[in-house]
Amino acid sequence: MKGIVFTGFLEMVEQKFGIEIADSIIINSNLKSEGVYTSVGTYDFGEMVSLLTNLSKETNIDIPTLVHAYALYFFDTLKNGYGGIFTHYETAFDMIAGIEKHIHVHVRKIYPDAELPYFITHEESKNRLVLEYQSERAMYPFALGLMEKTLEHYQEEAHIDIKMLNDDGTKVLFTLSKNA
């Protein structure tokens, strides 16, 4: 997992829960990296799982809720660092539908070792978008949060339905619907 995800996560923890909690989860996670991350480095996903698990214990907030909250926070990191991407899309649906066809293609050019989720577009129209999320990491609440923030960025409203395609959350169907 790319370091930018770790650095952003620890920034969020400090801002929302305080530096003491951030220090505590790093210490209690027994990390190979010792909690020292660079934005361009690559780190074991197990470290993120440990950090999330310990943050959940410290805050009594379940992991999916924490992952979703992190996505909402991380969106601004993406917007501030890669804001030009938004000029390529006229609508939120265009951008979300372009994740696999365009955005992830460019991410892989910059970070060839990036392990990204895969999105399959099942349906795409002006008022409806159906995407299948696939990732062994089962971080679909992160994808949901980024979709929600993308809609907000484009000042659009849509309802997002989530259908688990398997029990472990590695395959999830997102259906975004606008009121016609």
Considering only residues of region 125-153 that are open to solvent by less than 70 Å² (accessible area, probe 1.4 Å) and charged (D, E, K, R), which is farthest from Ile63 (Cα to Cα)? Glu132
Conditions (1) in contact with a Lys or Arg (Cβ under 9 Å, 6 or more places away or on another chain); (2) modelled with pLDDT under 95; number of the one not met by His159: (2)
What number of residues within region 133-155 are in a helix (DSSP H, G or I), hydrophobic (A, V, I, L, M, F, W, C) and farther than 13 Å from Tyr73 by Cα? 1
All but one of (1) open to solvent by less than 30 Å² (accessible area, probe 1.4 Å); (2) of a type in the set (A, V, I, L, M, F, W, C); (3) in contact (Cβ under 8 Å) with a residue 40 or more places away in the chain hold for Ala97; state the number of the condition that does not hold. (3)
Kindly indicate whether any position in region 110-124 is assigned to a loop (DSSP other than H, G, I, E, B) and surrounded by 18 or more Cβ atoms within 10 Å (Cβ to Cβ). yes
What's the total number of residues in region 1-47 that are acidic (Asp, Glu), open to solvent by 20 Å² or more (accessible area, probe 1.4 Å) and modelled with pLDDT of 95 or more? 4
For the subset of region 48-77 comprising residues that are β-branched (Val, Ile, Thr) and at pLDDT 95 or above, which member is least open to solvent (accessible area, probe 1.4 Å)? Val67
For residues in region 78-94 being in a helix (DSSP H, G or I) and among the aromatic types (Phe, Trp, Tyr), which is surrounded by the fewest Cβ atoms within 10 Å (Cβ to Cβ)? Tyr82
Within region 14-67, how many residues turn out to be closer than 27 Å to Tyr111 by Cα and outside any helix (DSSP H, G or I)? 15
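The values are calculated or read from the model by the stated rules, or taken from the named source; none is laboratory data. Worth saying up front: this structure is predicted, and the values here are computed from it rather than measured. Note that each Cβ is placed from the backbone with ideal geometry, even for glycine, and that neighbours are counted across all protein chains shown. To get the accessible areas, we keep the full protein, side chains included, count just its heavy atoms, and leave off ligands, DNA and RNA. Shrake-Rupley method; radii C 1.70, N 1.55, O 1.52, S 1.80 Å.
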